[in-house]
Amino acid sequence: MNTPDFQTPGPSPASGPQPGGWYGAAVPPVPRPPRKSSPAKAWLTHGAAACVALFLGVGIGASGGSDTEKTEAKANPGPTVTVTGAAKARPAPTVTRTVTAKPKPPKKTKAPGPATSFSGDGEYLVGEDIAAGTYKTAGADDSLGCYWERAKDASGEFGSIIANNNLTGPGRVTLNKGEYFKTNRCAEWKRTG
C-alpha cells in the first residue's frame, strides 16, 4: 500500500517535541519563584564593594594633594627620614634661631650746657662752665667765711677783679657772660634768675 503524499502539520519527528507539544501550540512559561539571597551573600557583595572603594580612596589620597601643596613641598623640602629595622623614638632635633636685635636709638638729650648750680669752691668761666644770671648761696661752709670774686680774666692779678666779698651768712651775686667767678669755702651756689 502506498502512503499518501502529504505531511501532518507540526515538527518533524526527527526534531523532537517542541514547547506546546508536537503540533506547535504556544504554552506560557511556568513562572519560577523569586530567588532568596542569603544575608551572607549580601554582606560579601557589599563588603567587596567597600574594600574596592577604600583602596581607590587611599590610592587617590596617596597620589598627592593640591597643586599648591606640591609646589610648597618642592619649595620647602623637609628632612628625609629613613627607618630601618625596629624604630626607636628619637627626640626631635633642637633648632636654634639667632636673632640680631637692633639697638634702640639713643634718646635725644639736651646738649649739656653751662651749669645752673655748682659747688662752693673753684673758678668758673661764665657762659661756658656756668650760665650767666643771679646766684645765691647759704653762706660759709666753715668758720673762716665764704669768699667770692668776679674777675675780667683768669690772671689772678689784683687789677682784674671786678667785685668781691666775704660772706658770713647767705649772699647773692649777678654774673655776666665772659666773666670769671671764683669761690672759696662757700655752700653750693644755685641760680635764681
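The values are calculated or read from the model by the stated rules, or taken from the named source; none is laboratory data. Treat the numbers as computed from the prediction; the structure is a model and nothing was measured. Don't worry about glycine lacking a Cβ; one is built from the backbone with ideal geometry, like all the others, and counts go over all protein chains shown.
Checking Ala111, Ala26 one by one, the residue that is within 57 Å of the chain's Cα centre (by Cα), part of a loop (DSSP other than H, G, I, E, B) and at pLDDT below 75 is Ala111 and no other. Look at (1) more than 14 Å from Ser119 (Cβ to Cβ); (2) touching a residue at least 40 places away in the same chain (Cβ under 8 Å) and you find that Gly156 fails only one, number (2).
Residues considered: Glu128, Glu123. Of these, the only one that is assigned to a strand (DSSP E or B), surrounded by 10 or more Cβ atoms within 10 Å (Cβ to Cβ) and either among the polar types (S, T, N, Q) or at pLDDT 90 or above (or both) is Glu123. Against the conditions (1) under 60 Å from the mean Cα position of the chain (by Cα); (2) loosely packed, with under 15 Cβ neighbours inside 10 Å; (3) in a loop (DSSP other than H, G, I, E, B), Ser155 satisfies every one except (1). Selection of region 158-193 for residues being in contact with a Phe, Trp or Tyr (Cβ under 9 Å, 6 or more places away or on another chain), surrounded by 12 or more Cβ atoms within 10 Å (Cβ to Cβ), farther than 16 Å from Leu125 by Cβ and aliphatic (A, V, I, L, M) yields only Leu167.
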